[in-house]
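Working notes for the structure below.
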Number of protein chains: 4
Amino acid sequence: MQALKVSRESKKEDTIIEVNGIKIGGKKIVVIAGPCAVTSKEEIIEIAKAVKKAGACMLRGGAFKPRTSPYSFQGMGEEGLKFLAAAKKETGLPIVTEAMDTRDMKLVEKYADIIQIGARNMQNFSLLKEAGKTKKPVLLKRGLTATIDEFLNAAEYIAAEGNDRIILCERGIRTFNTYTRNTLDLSIVPALKEKTHLPIIVDPSHATGIRNFVLPMSKAAIACGADGLIIEAHTNPEKSESDKEQTISIEELKTLIEETRKVAKSVGRGM
Amino acid sequence: MQALKVSRESKKEDTIIEVNGIKIGGKKIVVIAGPCAVTSKEEIIEIAKAVKKAGACMLRGGAFKPRTSPYSFQGMGEEGLKFLAAAKKETGLPIVTEAMDTRDMKLVEKYADIIQIGARNMQNFSLLKEAGKTKKPVLLKRGLTATIDEFLNAAEYIAAEGNDRIILCERGIRTFNTYTRNTLDLSIVPALKEKTHLPIIVDPSHATGIRNFVLPMSKAAIACGADGLIIEAHTNPEKSESDKEQTISIEELKTLIEETRKVAKSVGRGM
Amino acid sequence: MQALKVSRESKKEDTIIEVNGIKIGGKKIVVIAGPCAVTSKEEIIEIAKAVKKAGACMLRGGAFKPRTSPYSFQGMGEEGLKFLAAAKKETGLPIVTEAMDTRDMKLVEKYADIIQIGARNMQNFSLLKEAGKTKKPVLLKRGLTATIDEFLNAAEYIAAEGNDRIILCERGIRTFNTYTRNTLDLSIVPALKEKTHLPIIVDPSHATGIRNFVLPMSKAAIACGADGLIIEAHTNPEKSESDKEQTISIEELKTLIEETRKVAKSVGRGM
Amino acid sequence: MQALKVSRESKKEDTIIEVNGIKIGGKKIVVIAGPCAVTSKEEIIEIAKAVKKAGACMLRGGAFKPRTSPYSFQGMGEEGLKFLAAAKKETGLPIVTEAMDTRDMKLVEKYADIIQIGARNMQNFSLLKEAGKTKKPVLLKRGLTATIDEFLNAAEYIAAEGNDRIILCERGIRTFNTYTRNTLDLSIVPALKEKTHLPIIVDPSHATGIRNFVLPMSKAAIACGADGLIIEAHTNPEKSESDKEQTISIEELKTLIEETRKVAKSVGRGM
């Protein structure tokens, strides 16, 4: 059997993905921050400015939201994408936003600097193929119960279509634990570093689901070799449309970036 | 919060789904059988005849196949659907086949008597909505790590679009066990019977991944209240395109139906 | 490596364990029933009479209770064993009761007809060795997270000391599920039947933790080949010292035995 | 309900446990290192000298070994304890060693500076009580499937007997993952820091089961707030009696301590 395109076997050196001048997978750690969902133009611009000032280098925010219940807020759709574009125009921060439907991929590609594929869609193979046909980097979140091989093969679906700019993201797995929302499986960071040349980032917000654990687990992620973090942050966490238990304030984000920078330095990385 | 449409609270009596004269969710147990994937017209017709003779009342077979690797056989697509139609024409058996992509839903709807949504797509919300817009019953497989609430909410995505003909299918969850491919979680049968009015069937083939366990787990499924079984069976299991470890022969299917009928009778059901 | 004594490889024919004339592992299904814990002489005698009348053939009840908290009721100790002896004298029902401490093994051996090793102690190797030195059959419960190999090796610890009268018991594993207390892993019944000659019983009470699921899962257990059931039952479930959510009434036990007998018959077994 | 003795509610300030002048739970990180099992006097002395020189401050090594199979090496027993004493005499390193049997507790207490309770015995309540009656600190390993409440209640069994010098140890949980032996659940470090005043250390060797992951996961453990590490190290890892895949060399231990020290400093700790 031939080695996967995404495997170290196929390519020894680390893949570095450049997005608007920011390098992911290089010596410097990237911090992507923002709200769970986009809910208004004013708010997303305000948050974008705030996370930029706190030190984040990219803006996250969902316009299409995968929700357990069909009756929960499903996102603003294209309007949300336009608001993200406005926030980018104001701040210069590149946009990371999710695509959930093959039919929206072109639309998301138009607005996003990085297209996110969510955990629930990690084995939505049609969606992966469509992401592979875009010209934008893809942030692929690990499924809640994905093995490392399934994760790499999901990335391969994207790569096989010709898009090799893929960022892997550990965001917690489902175990018997209930004290956190999911169980952050940090050992996958060194494991992936052995098996693939792709950059790996960590989402401590979704993994733990608890505000107070976002800081320590961010430090841990960087200490074991992650290339970046994706953090839910909001100017007013209590107003967050969803996931408010895990959303940190801008002040907390600032502290997180400062403290994590020290850990990054201790393992020979910058931020 | 309002009760889900799929909940017992919304509707007390059991939903019975009629497909070409066969009732699912009524007193009689249904057995759906067939190969993992359709690979040729001759073969699928041969298998259809064989499973019918063995006692199955519907034919399963995949034209669109979700596969871990992008380099594995992805199914025959529309041609496979046409071969299924040919098998139906020969035998009268209604067809259960999977849709994986919103853009193929109309096509699958045209050929399928029951549209299957696979475990990996249980939270592919766009796909669920599209299935909800069809006129055909939907067989919704439980995700590998889905809680009972996530499972019911996934069904609700279909129901919310106006399609209330939904069949739930337990097909194993992912646990620490490795002696079976997945862990068949049969307790969900009585749990779902309490919470929902929808019929529930069990897939012991995917759940266990082991031929020898298909018979005993089929009996167990019926004993605890399942309304039916979906079984991988092939005239030549060794030639099965995928999943051959769990595919039973026609002879074994015949035995399974005979022996399971006795169990069905012992719990006051027919077959 | 040599085959384990408990393996089919070492001994082809099923081991049948005879306890006071009752055979476990033979054609007839055994039902062991009783309260979680012994709390008074009068109560345990009353329950013993009631479960006997309902059709159970052995009495379960704990004198030494493993409890998560050190401040929960820890069982009556030797006094509880004496009350079990009194109940046996009144009804003739053999006693199944747990040993938790190597230092109590001789004491438990004196009163018990079958010595139970609980799930939390499945890899308490000192306790297993001590059980292996007794003259009484041992009921070994599967640990919450035990693989099939760990389970069989735990049994081997007992067999290696010279006691080959071991009954294995599936009682649920820990998974991400929370709708049941544990996840009943019934596929292990046919799997163990292949790998070992020892009898296998199922504990649907601890596995599900829910009264309403005890009946359907008992039927399922017998349907897939279990040799018996161990059921928490009480003359007054609401008064049960612990585990009351899963304890069934005597009336429910009677129904369970009647209905399960039909399933047993349908798979060629008696009760 | 009254708060547990081990809870933050009962005692606000961190418990610092002093062992031969070394403080566990204070500002400085402790590193405990040594082989899985003691196999000879010469070897354990040689390893003790080597780990000391590499920077470790305590020696670990098993004289009583819990093994899945009864036919695997079960440890040297008292002779092993004597060899550990000899190693202590030579190097001054305090000894961490496991007790598995209530009847050996006095013996282990005599030789050990810290008595270890292994993961499989986390709910061996008799053993916990016996450890609670000793005068030595207890290192309590988390069970493979223990919830945080079960873990704290297990510690409470020890504390309830009057021994409040307890060190908690995260050593991996069992999940669906197979790329590591267990899944290191580092989020429990900040979670425990909130709930208990007891010190928390991490065992990356058993958690991952893979030599190459011991270093990155050690860094991560310290980054998220662990008070120490327990590491399997050997002068000749290939000769290690068991667990050789996860045992690091002395050279690797030296690097680990140097690199982890930098991370410790970055989070305001010393080593």
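Among the residues of segment A:123-139, are any surrounded by 24 or more Cβ atoms within 10 Å (Cβ to Cβ), without any contact (Cβ under 8 Å) to a residue 12 or more places away in the chain and either within 12 Å of another protein chain (Cβ to nearest Cβ) or touching a helix residue (DSSP H, G or I) at 6+ places or on another chain (Cβ under 7 Å) (or both)? Yes, that holds for at least one residue. Per the conditions (1) away from chain D (no Cβ under 14 Å); (2) of a type outside the set (A, V, I, L, M); (3) under 16 Å from the mean Cα position of the chain (by Cα), the sole criterion not satisfied by C:Gly80 is (3).
Per-residue answers, yes or no, for (1) surrounded by fewer than 24 Cβ atoms within 10 Å (Cβ to Cβ); (2) more than 9 Å from chain C (Cβ to nearest Cβ); (3) closer than 22 Å to C:Asp185 by Cβ:
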{"site": "B:Ala220", "(1), (2), (3)": "no, no, yes"}
{"site": "B:Ala223", "(1), (2), (3)": "no, no, yes"}
{"site": "B:Ala233", "(1), (2), (3)": "no, yes, no"}
{"site": "B:Asp243", "(1), (2), (3)": "yes, yes, yes"}
{"site": "B:Ile250", "(1), (2), (3)": "yes, yes, no"}
{"site": "B:Leu253", "(1), (2), (3)": "no, yes, no"}
{"site": "B:Val263", "(1), (2), (3)": "no, no, yes"}
{"site": "B:Ser266", "(1), (2), (3)": "yes, no, no"}
{"site": "B:Gly270", "(1), (2), (3)": "yes, yes, no"}
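Looking at (1) within 18 Å of the chain's Cα centre (by Cα); (2) in a helix (DSSP H, G or I); (3) not small (Gly, Ala, Ser), find the lone condition where B:Val31 falls short. With (1) within 18 Å of the chain's Cα centre (by Cα); (2) in a helix (DSSP H, G or I); (3) not small (Gly, Ala, Ser) applied to B:Val31, the lone miss is (2).
Checking each residue of segment B:182-191 against the condition of being modelled with pLDDT of 95 or more and more than 18 Å from C:Asp185 (Cα to Cα) gives no match. Once segment B:87-110 is narrowed to residues that are touching a Ser or Thr at 6+ places or on another chain (Cβ under 7 Å) and crowded, with 19+ Cβ neighbours inside 10 Å, the residue that is nearest to the other protein chains (Cβ to nearest Cβ) is B:Asp101. Does B:Ser205 count as surrounded by fewer than 24 Cβ atoms within 10 Å (Cβ to Cβ) and either more than 8 Å from chain C (Cβ to nearest Cβ) or not in a loop (DSSP other than H, G, I, E, B) (or both)? It is false that B:Ser205 is surrounded by fewer than 24 Cβ atoms within 10 Å (Cβ to Cβ) and either more than 8 Å from chain C (Cβ to nearest Cβ) or not in a loop (DSSP other than H, G, I, E, B) (or both). Residues in segment A:14-27: is at least one among the β-branched types (Val, Ile, Thr), surrounded by 15 or more Cβ atoms within 10 Å (Cβ to Cβ), in contact with a helix residue (DSSP H, G or I) (Cβ under 6 Å, 6 or more places away or on another chain) and modelled with pLDDT of 95 or more? Scanning segment A:14-27, I find no residue that is among the β-branched types (Val, Ile, Thr), surrounded by 15 or more Cβ atoms within 10 Å (Cβ to Cβ), in contact with a helix residue (DSSP H, G or I) (Cβ under 6 Å, 6 or more places away or on another chain) and modelled with pLDDT of 95 or more, so the answer is no. Within segment D:156-177, being of a type outside the set (D, E, K, R) and either over 30 Å from A:Thr147 (Cα atoms) or more than 14 Å from the chain's Cα centre (by Cα) (or both) holds for D:Tyr157, D:Ile158, D:Ala159, D:Ala160, D:Gly162, D:Asn163, D:Ile166, D:Ile167, D:Ile173, D:Thr175, D:Phe176, D:Asn177. Checked against the criterion of being among the hydrophobic types (A, V, I, L, M, F, W, C), more than 7 Å from every other protein chain (Cβ to nearest Cβ) and over 19 Å from B:Ile114 (Cβ atoms), segment B:176-188 has at least one qualifying residue.
Scanning segment D:54-68 for residues that are part of a loop (DSSP other than H, G, I, E, B) and basic (Lys, Arg) yields a total of 2.
State which residue is surrounded by the most Cβ atoms within 10 Å (Cβ to Cβ) when the search covers only segment A:188-202 and only residues that are assigned to a helix (DSSP H, G or I) and of a type outside the set (A, V, I, L, M, F, W, C). In this case the residue turns out to be A:Pro190. For segment B:1-28, the candidate set comprises residues that are within 14 Å of another protein chain (Cβ to nearest Cβ) and assigned to a loop (DSSP other than H, G, I, E, B); within that set, the residue that is nearest to B:Cys224 (Cα to Cα) is B:Arg8. Can you pull out every residue in segment A:118-169 that is of a type in the set (Lys, Arg) and touching a strand residue (DSSP E or B) at 6+ places or on another chain (Cβ under 8 Å)? Result: A:Lys136, A:Lys141, A:Arg142, A:Arg165. Would you confirm whether or not segment D:146-153 contains a residue that is closer than 30 Å to B:Thr180 by Cβ, of a type in the set (Phe, Trp, Tyr) and more than 8 Å from every other protein chain (Cβ to nearest Cβ)? Yes, the conditions are met somewhere in segment D:146-153.
Restricting attention to segment D:218-271, the residues that are in a helix (DSSP H, G or I) and not hydrophobic (A, V, I, L, M, F, W, C) add up to 19. Restricting attention to segment D:154-175 and to residues that are of a type in the set (Gly, Ala, Ser) and within 9 Å of chain C (Cβ to nearest Cβ), the residue that is surrounded by the fewest Cβ atoms within 10 Å (Cβ to Cβ) turns out to be D:Ala160.
The values are calculated or read from the model by the stated rules, or taken from the named source; none is laboratory data. Predicted model, so just to flag it, every value in this text is computed and none were measured. Methodologically, a virtual Cβ is constructed for each residue, glycine included, from the backbone with ideal geometry; neighbour enumeration extends over all protein chains shown.
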